[in-house]
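Student: For reference, the structure I am asking about is given below.
The values are calculated or read from the model by the stated rules, or taken from the named source; none is laboratory data. Predicted, not measured: the structure shown is a model, and the values here were computed from it. Glycine also receives a Cβ, built like all others from the backbone with ideal geometry; neighbour counts cover every protein chain displayed.
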2 protein chains.
Amino acid sequence: MRNDESFQIQFQPIGKRVTASSGVSLFEAARESGIDLASACGGEGNCGQCRIVLLSGEATPPNFDEEFILSELELKQGERLACCTYPLSDVTVQIPRESLITGQRLQIASDLQEIEPEPMIRAYAVELISPTLEDIRPDFTRMADELAKTYGLHDVYATTSVLRTISTILRANDWRVTVFVHDREIVGLAAPEKRPLGFAVDLGTTKIAAYLVDLETGADLAAAGAPNPQIGYGEDVISRLNHVYRNSEGGRVMAAKVQETLNDLLNELTTQAGATPEQVVDACIVGNTAMTHLLLQLPVSQLAKAPYVAAVGTAVDVPAAELNLTMAAGAHVYVPPCIGGFVGADHVAMILASDLDQHDKIVLGVDIGTNTEIAICKPGAAFLTSASCASGPAFEGAHISDGMRAASGAIEKVRITPAGVELTTIDDVPAVGLCGSGIVDVMAELYKSGLINQRGRFDKENRRVGNGRFGSEFLLVPASHSGSSRDVTITQKDVNEIQLAKGAIHAGLQILLESTDTTPEEVDEVIIAGAFGSFLNVKSAIAMGLFPELPNAQYKQVGNAAVIGAKWMLISRQARQRAEQIAHNTVYNELTVYPQFSRKFALGMLFPDSVNSEQ
Amino acid sequence: MRNDESFQIQFQPIGKRVTASSGVSLFEAARESGIDLASACGGEGNCGQCRIVLLSGEATPPNFDEEFILSELELKQGERLACCTYPLSDVTVQIPRESLITGQRLQIASDLQEIEPEPMIRAYAVELISPTLEDIRPDFTRMADELAKTYGLHDVYATTSVLRTISTILRANDWRVTVFVHDREIVGLAAPEKRPLGFAVDLGTTKIAAYLVDLETGADLAAAGAPNPQIGYGEDVISRLNHVYRNSEGGRVMAAKVQETLNDLLNELTTQAGATPEQVVDACIVGNTAMTHLLLQLPVSQLAKAPYVAAVGTAVDVPAAELNLTMAAGAHVYVPPCIGGFVGADHVAMILASDLDQHDKIVLGVDIGTNTEIAICKPGAAFLTSASCASGPAFEGAHISDGMRAASGAIEKVRITPAGVELTTIDDVPAVGLCGSGIVDVMAELYKSGLINQRGRFDKENRRVGNGRFGSEFLLVPASHSGSSRDVTITQKDVNEIQLAKGAIHAGLQILLESTDTTPEEVDEVIIAGAFGSFLNVKSAIAMGLFPELPNAQYKQVGNAAVIGAKWMLISRQARQRAEQIAHNTVYNELTVYPQFSRKFALGMLFPDSVNSEQ
């Protein structure tokens, strides 16, 4: 590759132009210019998600990976994988909607109950007499004396980042200010009558959801979401950890990317609420163990290989300034404890917000994602128990030929009738692919219609089953009606991918029940958390056998419980104590060391016996 | 001034070459190339200390300041003030010994007693079992569990800077390490059998003195000193505060300069002691209020103007990482409380190390410098009381025509006999100027010999009194015998400068006695601290009337008590508590608001009645 030339690259339909050297792939060029292309493999040529169309100009010829992943027709039409393509002249590149990360649907709401605020941070109105030659008390002492005198608040202290601001803020506000105090620590000063606010964040591998809350009343003031900007380094956790392992600056850069997005969210939230950054005096950030380790720049190499241990599992309280967050000078960020290398603070937050630690019946909690975390609450038992299933990213649309995340044009609901296919897309635009809830619907419908059998094989005799590059397939939307001018299909390979994912979850739940001596009949409730879980058609999930048969269970979809848990920990001291107890009392089950794991996994891949007869 | 050309500047005798633009003075060029020229005014053309000789090349002509300060002969010989001179071609510059800051005598020793160590930081030997799939406890939890099990040390915690290091250090040392713990906080990990060390620093306006100590035994392992690198921004405190006021980056740059020198000292000390930076787990830094504010980057604008209040007067505990110090990952830096804007943590440390808070007799403590801090201990009285006298830098050699700091060639002892002048210089080399102890000797000798009268006027009738540019003068060393090829003299102006300095100290002590209802006869002891104080000839000081007449007082010179106090606070929890009590119980006397200040000041300028008769 010649590295000595640079070319202009124009991205359509965005219209963005960048100059890149000939040694930089179109994927990297897009990333550097702020366009995040979809990628599950982090630009390794494996996942086929970063498809682009070369509209004009010359580039390196398709490589082996592209020839394997793209069809002859696609290649002929100029389709390429951005990560495999290097410019040889100025080029114009079309980015199809499904390759773009931005604009996906972000779920930040939830229908969980609220808790009573028990704030850790209080605001105190303070008015001081200015210094004279007869009263030369230092500025900090003057303020501390007043807090002691008026509020009985003795022995306050502050970190240097706050101490540096006091003299200026006192004088700028003519010695009348609001002082925010966390226990006895002064975390910030602001103009009179400003309220103390908090920042609750669920830092997901794919999405970041955030709330701005009033710390004293617990009221939600604003909500916002954004894609996790680390997606450009790989959609799954392991790709990102490998990126850190391979690049000495990788950890710093990925942390900085997330910090930047958190600051964007802070800015959006404070603007929405008409507040100032100085008012944001506390934060609680939850996420899986890899996400929180990357945020805090904790070492991750031991997290990426067996036995997959976290560097730190206990709660971490870190100055917001250390994470470069635009908040009050002395604001803290609380990252709750995790349960294991694969069961993070987000799961603790979900257990907390679902009250799984306080139920008086047997409840399963399931948070489906790339890793699916499951927990069981059994009253009378001394602990919660919890496991992580390597369900893979199939339910997020990855590794599925026409899979995509829940963005505009994604098929989210499907019904297969003898007459044809009925479907609903996000934003009601022509379909470009399938998101998780659509995939689950398709699986259930194919099985109920007898198009696939219990083992997940297509019935090749059925005239509705076609034959494509990956063997048998079912046509959902013909190219003529799709938004991408390509057929939208489900292939035999896709069905197998979903079976692997559901096999992992099914087996995990089975093992969790067995290891806690629980019969399926005893389960009273299943709480389904997470964005995918809240758009899921539960009937389809049962029909395709995502869960073991739980004849007496009520299913409850609670949405993003993790961010609600984060909010609770922000406004309630007791919620933090509960979270620490949850982490302490939860036993992590490593499923792969369970003796019957492989057999249960294989059985879990099957479609359920009962479904056809139930219809 | 043309700013568009750059020239090569060669400094002799060092031989250093730098390239500088024509808009940069030779003073700044020297500073940028790491050569610190003496300067009391910070390069404002006022003090006349940054003399250089232009050996070759062209430069801007002498300006008004230079024509005032330098004699015609000096100008003719190529002498210039570096801060007023801008190059107009490549130039070669000679730096006379007395203009160089480096190489001055630094006093770091003291003869104060030692205290019993009561260490805050303990080292624990820890050996762990490595993780397996059956035991996936996070690294931090694994270590914490072991500390609890083996040592009964529960609920340890650590900051993120330490958490980031644990996984790597544990694996690098095969799970056998030393853990340094401050109360319950883990401040660092090191290889097995490493001892915990501490860094004690007296951050003086002119000099920095430092010790490396064993925190458990209290043993001194190494000592070192360095000039304060902020000298290039002005020798006195106010010049430096003004520099911060005038330059938005000034505070950051000056803090960075000192931090760099502290790191050099740390490196020198650990090398001397055969230790590693990871072992240095605690520090105590004392200094006057301006020095500690500049170190911590606290705001200083309110410190530079009336009523001269500190931003922070209480003790500050700051992570060493925040000050960029190369110490253990979680090391703390303790900066003790101060008493007022002009009475800093160094004075608290001096009171502590002199046991002034625990004496059973009446003791005065005096620490002579640019500001002279004085304290009185009166048993039975509820508090110590303390004041700051603006004695000026005369005793450090500034504002004295042939004054210099205590560096090689400085006259430190003088005797005037009818036969002539007997003197001793530092390093026994030809004299280039007078340092503080020499100045005090000269004053006493001139007065005792009747060459000056009680009001400090030269006896013009005496044949030994000459006549120079600044009126009457006394020749100490003729040019033919001096190290600078210039006469070394004491002028009428010099005598007046010293009278101002001694007037301030004398008045301060008088007021301190009066305001505590103490008669001169009641004073049992005078403790003289500080570098100047320890080289001082006490008899000369009494003869020139530096102190009021204290007929029953014993004088004790204790050397650098401030750094000893810093060391005590490092090895003893009780010493820190005493320091906080000292700061709390010490009443700061603002001398200038005392009604009789001016009169006492004027009287203090006189030479004592009793001297001639005593001889």
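Student: Any idea which residue in the stretch B:574-593 is nearest to the other protein chains (Cβ to nearest Cβ), counting only those that are under 17 Å from A:Asp155 (Cβ atoms) and among the charged types (D, E, K, R)?
Tutor: That would be B:Glu580.
Student: Evaluate the stretch B:25-47: report whether one residue or more is touching a residue at least 60 places away in the same chain (Cβ under 8 Å), surrounded by fewer than 17 Cβ atoms within 10 Å (Cβ to Cβ) and over 27 Å from B:Ala226 (Cα atoms).
Tutor: no
Student: Would you kindly identify the helices (runs of 4 or more DSSP H) lying entirely within the stretch A:458-557 that contain at least 1 residues that are touching a Phe, Trp or Tyr at 6+ places or on another chain (Cβ under 9 Å), outside the structural domain of A:Ala375 (by TED's automatic domain parsing) and under 30 Å from A:Asn288 (Cα atoms)?
Tutor: Counting at least 1 such residues, we get A:492-515.
Student: Here is a list: A:Ser89, A:Ser99, A:Ser71. Which entry is of a type in the set (Ser, Thr, Tyr) and under 20 Å from A:Thr206 (Cα atoms)?
Tutor: Matching residue, one of A:Ser89, A:Ser99, A:Ser71: A:Ser99.
Student: Another question about this same structure. Would you call A:Lys257 more than 10 Å from chain B (Cβ to nearest Cβ) and within 21 Å of A:Ile339 (Cα to Cα)?
Tutor: When the stated conditions are applied, A:Lys257 does not pass them.
Student: When only residues in the stretch A:270-306 that are within 11 Å of another protein chain (Cβ to nearest Cβ) and of a type in the set (A, V, I, L, M) count, which is nearest to the chain's Cα centre (by Cα)?
Tutor: The extreme case among them is A:Leu295.
Student: Now for a separate question. For the condition assigned to a strand (DSSP E or B) and either in contact (Cβ under 8 Å) with a residue 60 or more places away in the chain or touching a Gly at 6+ places or on another chain (Cβ under 9 Å) (or both), what is the one hit in B:Ala398, B:Ala381, B:Ala375?
Tutor: From the options B:Ala398, B:Ala381, B:Ala375, the qualifying one is B:Ala375.
Student: Then there's this: Spot the failing condition for B:Asp346; the list is (1) in contact (Cβ under 8 Å) with a residue 40 or more places away in the chain; (2) farther than 24 Å from B:Thr205 by Cα, and only one is missed.
Tutor: Status for B:Asp346: all satisfied but (2).
Student: Same structure, new question: Determine which single condition A:His182 fails, assuming it passes every other condition in (1) more than 10 Å from chain B (Cβ to nearest Cβ); (2) touching a residue at least 60 places away in the same chain (Cβ under 8 Å); (3) crowded, with 18+ Cβ neighbours inside 10 Å; (4) touching a helix residue (DSSP H, G or I) at 6+ places or on another chain (Cβ under 9 Å).
Tutor: Of everything listed in (1) more than 10 Å from chain B (Cβ to nearest Cβ); (2) touching a residue at least 60 places away in the same chain (Cβ under 8 Å); (3) crowded, with 18+ Cβ neighbours inside 10 Å; (4) touching a helix residue (DSSP H, G or I) at 6+ places or on another chain (Cβ under 9 Å), A:His182 misses just condition (4).
Student: Residues of the stretch A:335-361 being surrounded by fewer than 24 Cβ atoms within 10 Å (Cβ to Cβ) and touching a Lys or Arg at 6+ places or on another chain (Cβ under 7 Å), which ones?
Tutor: A:Asp357
Student: Next up: Could you check the stretch A:463-479 and list, in sequence order, the residues that are in contact with a Lys or Arg (Cβ under 8 Å, 6 or more places away or on another chain), touching a residue at least 24 places away in the same chain (Cβ under 8 Å) and more than 18 Å from A:Ile416 (Cβ to Cβ)?
Tutor: Matches in the stretch A:463-479: A:Phe470 only.
Student: Okay, next question. Looking at the stretch A:120-135, which of the residues that are within 15 Å of A:Ala172 (Cα to Cα) and within 14 Å of chain B (Cβ to nearest Cβ) is nearest to the chain's Cα centre (by Cα)?
Tutor: Ranking the candidates gives A:Leu128 first.
Student: Output the residues belonging to the stretch A:307-337 that are at the interface with chain B (Cβ under 8 Å from one of its Cβ atoms) and either of a type outside the set (A, V, I, L, M) or not in a loop (DSSP other than H, G, I, E, B) (or both).
Tutor: The answer is A:Pro307, A:Tyr308, A:Gly313, A:Thr314, A:Val316, A:Val318, A:Glu322.
Student: Now for a separate question. Would you mind telling me which numbered condition in (1) more than 11 Å from chain B (Cβ to nearest Cβ); (2) closer than 29 Å to A:Thr592 by Cβ; (3) part of a helix (DSSP H, G or I) A:Asn267 fails?
Tutor: (2)
Student: It is to be established whether one or more residues within the stretch B:416-430 are buried (at least 19 other Cβ atoms within 10 Å of the Cβ) and in a helix (DSSP H, G or I).
Tutor: yes
Student: A follow-up question, please. Provide a single number: the residues in the stretch A:119-139 that are in a loop (DSSP other than H, G, I, E, B) and hydroxyl-bearing (Ser, Thr, Tyr).
Tutor: Looking only at that region, the number is 1.
Student: Among the listed residues B:Pro595, B:Pro551, B:Pro608, B:Pro520, which satisfies the condition of being buried (at least 16 other Cβ atoms within 10 Å of the Cβ) and either in contact (Cβ under 8 Å) with a residue 24 or more places away in the chain or more than 30 Å from B:Thr314 (Cβ to Cβ) (or both)?
Tutor: Exactly one of B:Pro595, B:Pro551, B:Pro608, B:Pro520 is buried (at least 16 other Cβ atoms within 10 Å of the Cβ) and either in contact (Cβ under 8 Å) with a residue 24 or more places away in the chain or more than 30 Å from B:Thr314 (Cβ to Cβ) (or both), namely B:Pro608.
Student: Separate question: Of (1) outside any helix (DSSP H, G or I); (2) away from every other protein chain (no Cβ under 12 Å); (3) surrounded by fewer than 19 Cβ atoms within 10 Å (Cβ to Cβ), A:Thr150 satisfies all except one. Which?
Tutor: So the condition that A:Thr150 fails would be (1).
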